[in-house]
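To start, the structure under review is shown below, and the notes come after it.
The values are calculated or read from the model by the stated rules, or taken from the named source; none is laboratory data. Predicted model, so just to flag it, every value in this text is computed and none were measured. A quick note on method: Cβ atoms are made from the backbone with ideal geometry, for glycine too, and the neighbour counts reach across all protein chains shown. Heavy atoms of the whole protein, side chains included, go into the accessibility calculation; ligands, DNA and RNA do not. Shrake-Rupley method; radii C 1.70, N 1.55, O 1.52, S 1.80 Å.
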Number of protein chains: 2
Amino acid sequence: MRLFQERGYDKTTMRAIAKEAGVSVGNAYYYFAGKEHLIQGFYDRIGAEHQTAARAVLDRETDLHARLAGVLQAWLDVAEPYHEFAAQFFKNAADPDSPLSPFSAESEHAREASIAIHREALAGSKAKVPDELADVLPELMWLSQMGLVLYWVFDRSPARERSRRLADRGARLTTRGVSLARFRVLRPLVHEVHELFTDFLPGMAQTAVAVRKRPEDDR
Amino acid sequence: MRLFQERGYDKTTMRAIAKEAGVSVGNAYYYFAGKEHLIQGFYDRIGAEHQTAARAVLDRETDLHARLAGVLQAWLDVAEPYHEFAAQFFKNAADPDSPLSPFSAESEHAREASIAIHREALAGSKAKVPDELADVLPELMWLSQMGLVLYWVFDRSPARERSRRLADRGARLTTRGVSLARFRVLRPLVHEVHELFTDFLPGMAQTAVAVRKRPEDDR
């Protein structure tokens with residue numbers, strides 16, 4: 001990460017990374033098939049840190065707005081040290097066909113873990129959620145987190161104060177949206193939004209299949 | 001545009017542009033204060049071409065889905081020659097604080113013209129729109145066009161066929177959303193979504209003020 005931050009992603013070679021880590025190039029390639037795999041490792045790590053950081057609010061709060069705002073603020077806390085890297089790395093990750101995109105097949109593991117946090121935020125809240133939306137809402141909540149990440153990447157306000165306000169406002173909006181989902185007339189719209197993302201972001205389709213295949217007692 | 005396409009935006013200088021155009025550097029700066037201003041000129045030109053290309057469908061159709069899908073397809077037609085440029089230019093325009101962002105104060109003129117196309121698409125349709133949403137819906141429709149543009153920038157399918165399908169699906173979704181706006185219970189959500197964008201994308205606030213200031217007989 002230090003090399004990526006100093007030199008930029010494109011200019012950092014596996015050779016340089018191996019040298020800094022004090023291992024042979026062959027050894028580095030044994031563990032990581034390429035730079036992209038190091039980034040997937042980074043995604044997994046930041047995801048695990050996020051899960052830990054969100055623990056307190058998920059164990060304490062039952063209000064959906066508080067839970068979701070807490071989850072998003074926890075992500076901003078965990079990601080803060082990587083803000084500068086994220087800004088220059090963005091052009092690699094913004095392409096949905098890149099393995100480095102959060103929507104790629106390669107990011108499936110990190111994405112599924114991140115969606116699981118939203119699933120828990122929703123399931124553990126006192127918000128009433130119709131069964132037919134229990135699978136799609138966490139994915140849409142995660143997509144809104146991706147919107148926050150996009151905003152955060154370009155946020156130059158001190159201590160990312162604008163992103164923090166957006167996290168709170170976004171959580172409020174999502175909470176209102178979830179509470180409106182009790183109206184039957186709205187549910188087809190929610191499904192249609194979800195289908196649109198599933199059909200047009202290839203990685204999302206894979207996630208949807210994985211969710212459907214989970215054994216019932218896992219849900 | 002040819003120089004930008006060949007060399008990339010960052011590496012093209014005003015000096016090189018002036019030389020190609022057969023004018024002095026001083027003369028080039030007399031008309032355009034910098035490269036960003038050339039891009040604003042490009043935004044204005046593509047906007048004017050879009051307006052012309054959307055004319056046929058706006059004069060013929062009264063169905064909102066057909067009108068909106070037509071407006072989006074017209075944009076894809078007009079933008080196609082610049083696809084390669086857009087892909088490399090994207091990193092300059094993605095930053096909402098850049099004057100080159102479609103959300104910047106500098107892009108106000110091009111943005112307002114583009115929102116006007118959506119305003120006409122909505123106003124000339126047979127869809128019933130509550131008065132209180134007449135100003136905010138065209139801005140949200142334009143924002144969804146920006147989502148399509150983001151997708152299109154990275155679309156490598158032949159003849160941008162995926163973007164074309166997304167345009168149609170997005171238009172269908174928006175049409176359904178507009179038809180649901182007849183339910184009073186939903187309107188606060190629409191306003192809240194609009195306020196979120198207005199508060200967090202600085203250029204949008206300016207647009208909202210400009211719309212409010214238009215004389216009534218202009219609307």
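Within segment A:169-192, the set of residues being closer than 16 Å to A:A66 by Cα and either more than 11 Å from chain B (Cβ to nearest Cβ) or among the aliphatic types (A, V, I, L, M) (or both) comprises A:A171, A:L173, A:V178. Kindly establish whether B:E120 is outside any helix (DSSP H, G or I), open to solvent by 40 Å² or more (accessible area, probe 1.4 Å) and away from chain A (no Cβ under 14 Å). Spelling it out, it is not the case that B:E120 is outside any helix (DSSP H, G or I), open to solvent by 40 Å² or more (accessible area, probe 1.4 Å) and away from chain A (no Cβ under 14 Å). Counting the residues of segment A:156-208 that are in contact with a Pro (Cβ under 9 Å, 6 or more places away or on another chain), under 22 Å from B:L150 (Cβ atoms) and surrounded by 16 or more Cβ atoms within 10 Å (Cβ to Cβ) gives 3. Only one of the numbered conditions (1) touching a Ser or Thr at 6+ places or on another chain (Cβ under 9 Å); (2) outside any loop (DSSP other than H, G, I, E, B) is not met by A:K126, and that is (2). Would you confirm whether any residue within segment A:33-50 is over 30 Å from A:R119 (Cα atoms) and open to solvent by less than 70 Å² (accessible area, probe 1.4 Å)? Yes, some residue in segment A:33-50 is over 30 Å from A:R119 (Cα atoms) and open to solvent by less than 70 Å² (accessible area, probe 1.4 Å). When segment B:79-93 is limited to residues that are aliphatic (A, V, I, L, M), open to solvent by less than 30 Å² (accessible area, probe 1.4 Å) and in contact with a helix residue (DSSP H, G or I) (Cβ under 7 Å, 6 or more places away or on another chain), the one that is nearest to the other protein chains (Cβ to nearest Cβ) turns out to be B:A86. Does B:D155 count as within 14 Å of chain A (Cβ to nearest Cβ), at pLDDT 90 or above and more than 26 Å from B:D59 (Cβ to Cβ)? Against the criterion (within 14 Å of chain A (Cβ to nearest Cβ), at pLDDT 90 or above and more than 26 Å from B:D59 (Cβ to Cβ)), B:D155 qualifies. All of (1) more than 11 Å from chain A (Cβ to nearest Cβ); (2) farther than 23 Å from A:P96 by Cα; (3) of a type outside the set (S, T, N, Q); (4) in a helix (DSSP H, G or I) hold for B:R160 with one exception: (2). If you check B:L76, B:L100, B:L72, B:L68 for being within 13 Å of chain A (Cβ to nearest Cβ), open to solvent by less than 20 Å² (accessible area, probe 1.4 Å) and within 15 Å of the chain's Cα centre (by Cα), only one passes: B:L100.
Residue pairs whose Cβ atoms lie under 6 Å apart, separated by 6 or more positions or on different chains, with the first residue in segment A:54-73 and within 10 Å of A:S125 (Cα to Cα) and the second open to solvent by less than 30 Å² (accessible area, probe 1.4 Å) and among the basic types (K, R), are A:E61/A:R67.
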